[in-house]
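Notes follow once the structure below has been shown.
The values are calculated or read from the model by the stated rules, or taken from the named source; none is laboratory data. Computed from a prediction, not measured in an experiment: that's the story for all the values here. Cβ placement follows ideal geometry from the backbone for every residue including glycine, while neighbour counts extend to all protein chains displayed.
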Amino acid sequence: MLALKLAYKNILGAGLRTLLNVSVLSLAFVLIVFYNAMIDGWNRQGKIDTQEWEIGEGQFWHPDYNKFDIYSYREANQEIDANVQQLIDQNEVLPVLIQQATIYPQGRMQSIVLRGIPADQQLLKLPTKGLNMQEGICPAIIGKRMAKSTKLKTNDKVLLRWRDINGTYDAIELRIDTIFKCDVADVDNGQIYIDYHVMQKLMGMKNCATLLVSSNSELKDLDGWNYRSTDVLLKDLNDLTNSEKISGMVIQSILLMIALLAIFDTQVLSIFRRKREIGTYIALGLTRKQVVGIFTVEGGFHSILAAIVGAIYGIPLFIWINQTGLSIGEADMGITVAEVIYPFYSLQLILISIVLVVLSSTIVSYIPAHKIVKMKPTDALKGK
Amino acid sequence: MNNVVIDLKRLTKHFPVGNGKFTALSDINLSFSKGEFAGLVGPSGSGKTTLLNIIGSLDVPSEGSANVLGKSIAGLSQKQAAQLRNYHIGFIFQTYNLLPVYTVYENVEFALLLQNMTEGERRKAVMQALEWVGLTDKEKSKPSMLSGGECQRVAIARSMVKQPDIVLADEPTANLDSKNSHHILQTMQRLNEELGVTFIFSTHDEKVMQYLKRKISLADGRVVNDETVELIANR
Ligand SMILES: Nc1ncnc2c1ncn2[C@@H]1O[C@H](COP(=O)(O)OP(=O)(O)OP(=O)(O)O)[C@@H](O)[C@H]1O
Ligand SMILES: [Mg+2]
């Protein structure tokens, strides 16, 4: 308590130097919180979007299905048995049929992934209503990125060509019914959606599915299907955000190091200049260890001021950004990222940041202060 | 001899200098009784400060013994030495050594913060000490706003507030003009008489010497003269 009061007075007495230390440290503090909140916000939005648009509460894959190997798609489907059919009827799972195919937008040839999904499904956010056959031409829906890369617009017609189950080539014309906006890259890039039953007919794969999207997180076992939990399916997103966090750490640690160096420097100087004061404390009855404590608390106190100062300008800034969101532009990267990210500030993040900043500045304050233990009180009093 | 507060026997102090050693004090035999108003006088480098530091448990003897309030200085742990200083010994320095960020009140209060006292008890003691030195009206000032004489009076209040047994004053008037010096000395003399606190000075200031009841002369680390003075009335 005494040390805190003394630290408070001493540190405010130091004026400009304190201001400098505190500003740099608070900047590091705010940046750490903000950057990580951005990534957490991205991850959270990405998770929610991915679940809503693609994976639900998990998926069941045909044992041969490999998301990253389009050549595996051909064989990776199987007939739905009575048990699974019952689950489909109860809306517990949603069947999806996946095959490789080719489209010819404006005469160019483009390889795509064709997905058959029931037009009346409600499990995923995909606007599959548009897949209901109205006129003669088969409707399809695509995402924004796909529309951009193929230059297709709503109501455009495009030729679709595929090989059916017997290896025979066949083709029909598709009409782009809806172009949806979805931040999940895998739902959009290179994907064309048509009705599940239409696709079965086209492919000659009667009552077959490649995977089942589950709406029930309790359901983990289906005969003949391999369960993929949301954790497994979201691993890529988590890995990506984690690696972004780590690369952000470089800049954050540099800034933090600068701030810590400034505190370290202040401590060294202040112990050098305040020898007589140190001697006085000892003469007044403090042990040298207590004096070390006073100086350590004083240095560490920078971080408490930094947290307060950071809160003073950080909180309004954070609130403002959280209202507007942070637009990162239309990133056409092959990653799942929203156009506008809303940072997510968890209590955990803020507590960890505070502990990190306070602990590190206390440690760098202790290192020079520790030398006081070796000081002779009589020398200190002489200012030597 | 039953009221002895400080007892030094064959006290010697060496300092390492280069490869050899420098003897700052040699074979000092002195004892001080409760309530003395004594001074160490002698030329610069004669060992006055060194001796006060040992009595104040800021340093230890190289040889011989120093007993202060029944405790052997050499045998004290850091913590015990700190306790001894905190409760029983007050220091006054030539350079005042006030804490610049604290007010007068807080400077005086500081030593009491280490003791088990309530806020109210502390307040009473601090105001009393400020009254002794005539500075009650300056309790909220910072040391930078005070004159040298006032600073030294604050330092006296700080050393006296805990009602110590011994006050060690190392050249307390060296930075003061004669008017302030007299004022300071009269204050200390009064406190010595009223409270029975033992004062030991180091000085080569003539003004101080006329107040001393006992004058111990040091030269080259040895006691060359130890006389009890018949008090010459102040002027
Ligand atoms: N830490 C030390 N290391 C080496 N020599 C020291 C040390 N402290 C004091 N001395 C020496 O011991 C001698 C006595 O010093 P001391 O400070 O006690 O003198 P003093 O009588 O107080 O002098 P002054 O009147 O100038 O204050 C001096 O010669 C000084 O150089
Ligand atoms: Mg001296």
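Pairing each residue of the stretch B:169-190 that is more than 18 Å from B:GLU131 (Cα to Cα) and within 14 Å of chain A (Cβ to nearest Cβ) with any residue that is small (Gly, Ala, Ser) and within 16 Å of ligand 1 (Cβ to nearest atom), provided the two are 6+ apart or on different chains, yields C-beta distances under 8 Å for B:ALA169/B:SER202; B:ASP170/B:SER202; B:GLU171/B:SER202. Set side by side, the residues B:SER57, B:SER72 differ, and just one is more than 10 Å from every other protein chain (Cβ to nearest Cβ) and of a type in the set (Ser, Thr, Tyr), which is B:SER72. Taking the stretch B:12-24 as the range and being away from every other protein chain (no Cβ under 13 Å) and more than 7 Å from ligand 1 (Cβ to nearest atom) as the test, the residues that pass are B:THR12, B:HIS14, B:GLY18, B:ASN19, B:GLY20, B:LYS21, B:THR23.
Consider the stretch B:39-69 and keep the residues that are in a strand (DSSP E or B) and within 15 Å of ligand 1 (Cβ to nearest atom). The one that is nearest to B:ASP7 (Cα to Cα) is B:ALA66. Check the stretch A:237-248 and report whether any residue there is modelled with pLDDT under 95 and touching a Gly at 6+ places or on another chain (Cβ under 6 Å). Yes; the residues of the stretch A:237-248 include at least one that is modelled with pLDDT under 95 and touching a Gly at 6+ places or on another chain (Cβ under 6 Å).
Being more than 19 Å from the chain's Cα centre (by Cα), among the small types (Gly, Ala, Ser) and within 10 Å of another protein chain (Cβ to nearest Cβ) is a description that does not apply to B:SER62. Residues of the stretch B:152-173 that are within 16 Å of ligand 1 (Cβ to nearest atom) and either more than 14 Å from the chain's Cα centre (by Cα) or in a strand (DSSP E or B) (or both): B:LEU168, B:ALA169, B:ASP170. One residue stands out in the stretch B:75-121 among those that are part of a helix (DSSP H, G or I), hydrophobic (A, V, I, L, M, F, W, C) and within 28 Å of B:ASP7 (Cα to Cα): the one that is farthest from the other protein chains (Cβ to nearest Cβ), namely B:LEU112.
Of all residues in the stretch A:338-384, those being more than 14 Å from every other protein chain (Cβ to nearest Cβ) and in a loop (DSSP other than H, G, I, E, B) number 7. Pairing each residue of the stretch A:82-99 that is within 19 Å of A:ASP64 (Cα to Cα) with any residue that is of a type in the set (Ser, Thr, Tyr) and assigned to a helix (DSSP H, G or I), provided the two are 6+ apart or on different chains, yields C-beta distances under 7 Å for A:PRO95/A:TYR196; A:LEU97/A:TYR196.
Here the helices (runs of 4 or more DSSP H) wholly within the stretch A:219-315 that include at least 2 residues being within 14 Å of another protein chain (Cβ to nearest Cβ), buried (at least 16 other Cβ atoms within 10 Å of the Cβ) and touching a helix residue (DSSP H, G or I) at 6+ places or on another chain (Cβ under 6 Å) are A:275-283.
Against the criterion of being of a type in the set (Ser, Thr, Tyr), within 30 Å of B:PHE93 (Cβ to Cβ) and either surrounded by 13 or more Cβ atoms within 10 Å (Cβ to Cβ) or touching a residue at least 40 places away in the same chain (Cβ under 8 Å) (or both), A:THR362 does not qualify. Could you list, in sequence order, all residues of the stretch B:171-201 that are more than 16 Å from ligand 2 (Cβ to nearest atom), surrounded by 16 or more Cβ atoms within 10 Å (Cβ to Cβ) and polar (S, T, N, Q)? Answer for the stretch B:171-201, where residues must be more than 16 Å from ligand 2 (Cβ to nearest atom), surrounded by 16 or more Cβ atoms within 10 Å (Cβ to Cβ) and polar (S, T, N, Q): B:ASN180, B:SER181, B:THR187, B:GLN189, B:ASN192, B:THR198. Do you know which of the residues in the stretch A:367-384 that are touching a residue at least 12 places away in the same chain (Cβ under 8 Å) and more than 16 Å from ligand 2 (Cβ to nearest atom) is nearest to the chain's Cα centre (by Cα)? Looking at residues that are touching a residue at least 12 places away in the same chain (Cβ under 8 Å) and more than 16 Å from ligand 2 (Cβ to nearest atom), I get A:ILE367.
Being in the same structural domain as A:ILE11 (by TED's automatic domain parsing), of a type outside the set (Lys, Arg) and within 36 Å of the chain's Cα centre (by Cα) is a condition met by at least one residue of the stretch A:290-299.
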